[in-house]
Every structure is written in structure tokens, then in C-alpha cells.
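The values are calculated or read from the model by the stated rules, or taken from the named source; none is laboratory data. No experiment lies behind these values; they were computed from the predicted model shown. Cβ atoms come from the backbone with ideal geometry, glycine included; neighbour counts cover every protein chain shown. Just so you know, the surface numbers come from the protein's heavy atoms only, side chains and all, with ligands and any DNA or RNA stripped out. Shrake-Rupley method; radii C 1.70, N 1.55, O 1.52, S 1.80 Å.
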Amino acid sequence: MTKSKFLIKGLGGKKSLRGVIGVNGAKNAALKLMAASILFKDEVVLKNIPDIEDIRHTADLLDKLGFTVKREGKRTYKIKPTKHINYELSSETAKRLRASIVLTGPVLARLGKVKFPHPGGCVIGKRPIDLFLDGFKKMGARVADKNGSYVISTQSGKLNGAEIFLRVPSVTGTETFMMAGVLAKGTTIIKNAAMEPEITHLAEFLVSSGAKISGAGTPTITIKGGGLLSQKKPHTAMPDRIEAGSFLILGALVAKDLLIKDCNPNHLEILIDALRSSGVKIDTEKNSIRVRSSKNDYKPMDIKTHEYPGFPTDLQAPMTVFLTQATGESFVFETIFEGRLNYTESLVRMGAEIKMMDPHRIIVKGPSPLHGKVLESPDLRAGLAFVVAAIVASGDSIVHNVRNIDRGYERVEERLREIGVDIARVEAEEERAGL
Ligand code: EPU
């Protein structure tokens, strides 16, 4: 594994980016589509899957479970069960990504048993799995903790349908129980379900393959259990709303005229509304968003992260960079994860005026000129926010730990270069070779 860093020459606030930037398939949709392939009796073909590390880890988990995983071209995966599927998630791989937890539902539903470690993921605060364990118990499974691994099993080899009330509307929790319900005996009802577009997208994929699911995209989802699924036609992953939203924020800050294509503006209503009310000129079409330069006198605003359709926690960091350039005092309240404001220390080093009230709340005073610095990407979303801040800043920045950014964004620097950003990736090997 190479260690990469980005070298970025800042624009010093100049609005010069222009052109067209494309959005890839959504990481947080693609991961769940791949997990869903466990529910199928034959081959599943998935298109528009981004070429990123979390996807490669998920492919590895499926391979080790006993699925044949073939990649065709850059973005198409063909996933097929073999005769021997086992119930153990590779501990080494599962620990590397939080999304490994969504494989537990379909494995348990298919085999009546699953073994997995506590999942890993970004350093953004506690990532408990109590909701998952409670829900599996409600579906009739026994939970045992053996040498740091969870072993969950059913007596009859099948889960029972159950009513599961989610204390918090967890995204992966909703997806996991929706998939588990597909092969359970009887009806599963998920209450206080999350409503993220990725959940609706997953339900549409399952329904088009024979599952009986209603209510996805609302707080109550009903799943009638049945047999293994069969795909009718290849499925294309939805566009990444977080990637599109991050490009939109970048455009609002430093673009003369930027077209963000292959996205769905309906998934970004709250961001578009917030930016427009701040003074940003935005036009939307069915699959694209255009942002044009306006006077840099953006109004401040208060942002509170919330489950969909509220303000996405995954866009909180780039939005905070935007607010450092708005005139006046803004307030950011991160309600989902408690470790997700720590990155603001680095923005302060760049010149931002940010006061941390407590682990969930900050006050941002703007506009502050930002200056290039050496930065370390703590997680993928804050990592991309640093890239945005470095582009806005005057002078040069280095963003280390690009691997974290690569986990969520496919070769983002290549797309940024096309619209006029001066950004280069330097691999550790190149450094050793003196390049
Ligand atoms: N929670 C519990 N117990 C549980 C599960 C969750 O208390 O068993 C709490 C969490 O601690 C958190 C809240 O519930 O406070 C909501 O977390 P949620 O479970 O919804 O998050 P997630 O499903 O683990 C997904 C995305 C995240 C995104 C969040 C919120 C995937 C793979 N991950 O995480 O994406 O931030 O929903 O929208 O879909 C990212 O892509 O960078 C990322 C972190």
C-alpha cells in the first residue's frame, strides 16, 4: 500500500474554476447493493460501482464468504454464489470498514448463522452496534460474544419476521434489517427507519428482483419474507450525493462557472436551499447542477445535521469551510457523531475563526482568509473538506493521509484538475526516488 499526499496550490479566494465535473456512483449505495447480492440465488450484475477502497474490501469479504466476484471494466461487478457459502466474515477485512456490518443481515438470513468482529471505519466517534444485536434478537437469533467476535445464530436456520423499533434511525441498521427481512419467515416491520435515498435505492433493487418491501423512504418499512432473489436486469448504482454536494460547495466558493453532471439535485435539496439563501447562484436540471460566481458576500447561517432529508452529517465539514468565507457568525450543530468536529482545529491553523463550544457545536466567524498549511486527513469527509479549504486558501498546502480520501472518492484529484485546480498526487515511492 502506497502512502500518498496531495500538493495543492491555493487560489487565494480567486473564483477561477470552470468546466464540467462528473459525479460517480454512490459509495454508501454501492456497498449495500454488493451486500444484497448475498440474498440472490444466481448472478447479480451491478454497474456504476465506484473504484474505491471500501468497495474492494467488500468484494474481498464476499469472495471469502464463497461468492465469485468478477470485475468487468472499471465499474461493473458480477457477483455469484458458489455451492459453499460460509458464515464467517473475514475478521481482518471486516475490521477495516464500518459497512461490513450490513453483510451480517443477509448472511444470517441466508445461512441462519453469522460470525463477525466489531466493524471498523472512520474515526468520527463511537460507532456502536447495539441496535443490530437487539434487532437480530427480536428476529429470534441468539447472540454470543466469542473471543472478540460476535456469533449470531438461529435455532431453525431461519430468522423470524419481527417488529423492530430503531431507537435512532440508523442508516446501516435500516438496510441490514430490510435485507434480513427478505429471507425471514413472516413479516418484518422496521419503525423509526432511516429515510436516506440510498435506502430507497436498495429497496428498489430488491423489489425489482422479487422482494416484497413497502414503505422504504418513510419511517415505517414493511418486508414480507420469501425465498432467494433473482435479478431481472443489471442494476446501476445511484449517483453520490455527498460527492455532488462537496463539488457544489467548492463551486460556490471558487468557481466562475461549474457544471456538476451525473447527479440528482433532488437528493440535495437542503444544501441547495441553504446555499441559495446564503446568496449562491445555483441552477438545477434533472441530472445536473450549475453554480456561477456571485459577489463574495455570502450570508452566514446555522446548520444542524440531521437524518435525511435534513442536512447530511457527511457534508458538514465542507459546509463549515464554506461558512468560514461567509460574512458574519454561523453556528454548526453536529447531532449525529460526536467526533466529527475535531478537524476544525486544522481550519483554525489555516486562519479560520472557529470556536468549539462542546464536541457537538461550533461557532464560525467569517470571512477569514485561509492560508496553505500541512494537513492530515482524519477521515474521508473531513479529508475532502481540507482539499476544498486548501483550494480556497492562499499559498501551498499538503494534505497527508490521502488514503482516507481515496476510501470515498475515486481519484478525485484528476477530476479537480480538469476544472482548473492545481493539485498533484505524490506517492511515497516517488518521494523515495527523489521525484
Ligand atoms: N447508533 C447507535 N447504535 C447502533 C448504530 C448506530 O447508537 O447500533 C448511532 C450512531 O452512534 C450514530 C447514529 O446512531 O450516532 C446514526 O448512525 P448510523 O447508524 O445512521 O450511521 P451508519 O449507518 O453507521 C451511515 C453512513 C455514514 C453516514 C451515516 C449518517 C454507511 C456505510 N455509512 O453510517 O457515512 O455518516 O450513515 O448518515 O452508509 C461516510 O460515508 O463518510 C459515513 C460515515
In nm, what is the difference between 0.36 nm times the number of residues separating residue 80 and residue 187 and their Cα-Cα distance?
35.8 nm
Quick one: dipole size for region 27-236, taken about the Cα centre, charges +1 on Lys/Arg Cβ and -1 on Asp/Glu Cβ, in debye to the nearest 20.
360 debye
When the Kirkwood hydrodynamic radius is evaluated over all pairs of different C-alpha atoms of the chain, what value in angstrom, to one decimal, is obtained?
22.3 Å
Counting DSSP beta bridges in region 27-236, what percent are antiparallel, to the nearest 5?
75 percent
Just the number, please: carbon plus sulfur as a percent of the accessible area of the chain, 1.4 Å probe, no ligands or DNA/RNA counted.
49 percent
Stretched out fully, how many nm does the piece from residue 204 to residue 302 gain, at 0.36 nm a residue minus the Cα gap?
31.9 nm
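Only sites in a loop by DSSP and with at most 15 other Cβ atoms within 10 Å count here; which trypsin sites (Lys or Arg not before Pro) in region 244-293 make the cut? Intermediate values should be presented prior to the final figure.
Details: sites: 256, 261, 276, 281, 286, 290, 292; in loops: 286.
The qualifying sites are 286.
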Using alpha carbon centroids, what distance separates region 366-399 and region 1-36, in Å?
14 Å
For region 114-185, radius of gyration divided by Kirkwood radius, i.e. Rg to Rh on alpha-carbons:
0.96
To the nearest whole percent, what portion of all C-alpha pairs in region 1-112 is separated by more than 17 angstrom?
59 percent
Treating the beta-carbon of each Lys and Arg as +1 and of each Asp and Glu as -1, no other charges, what is the dipole magnitude of the chain about its Cα centre, to the nearest 20 debye?
980 debye
Using a Gaussian network model of the chain whose springs link C-alpha atoms within less than 10 Å, name the residue from 105, 339, 383 with the highest mean-square fluctuation.
339
Dipole of region 156-293, positive direction: furthest Cα of 205, 266, 278, with charges on the beta-carbon:
205
Need one number: nm distance between label points at residue 348 and residue 256, each 7 Å from Cα along Cα→Cβ, rounded to one decimal.
3.8 nm
When the chain is fully extended, how far beyond the present Cα-Cα distance does residue 363 get from residue 269, taking 0.36 nm per residue of separation?
31.5 nm
Please give the calculated 222 nm ellipticity per residue for the chain, where each DSSP H segment of at least 4 residues contributes -39500 (n - 2.57) and the sum is spread over every residue; nearest 500 deg cm²/dmol?
-9000 deg cm²/dmol
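If I take R0 = 35 Å and measure r between the Cβ atoms of residue 42 and residue 149 in this structure, what FRET efficiency does the formula 1/(1 + (r/R0)^6) give, to the nearest 0.05?
Calculated transfer efficiency: 0.70.
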Using only the alpha carbons of region 217-280, what is the convex hull's orientation-averaged projected area in square nanometres?
6.9 nm²
Please go through the residue pairs 64/261; 95/261; 47/299; 3/64; 138/233 and name each one whose alpha carbons sit more than 30 Å apart in this structure.
64/261; 95/261; 47/299; 138/233
Given a 1.4 Å probe and the protein chains all in place, what does the accessible area of residue 345 round to, in Å² to the nearest 10?
130 Å²
Under a 1.4 Å probe, what is the accessible area of the chain per residue, stated in Å²?
40 Å²
Cβ-Cβ cut-off under 11 Å around residue 111, Lys and Arg +1, Asp and Glu -1: the net charge is +3
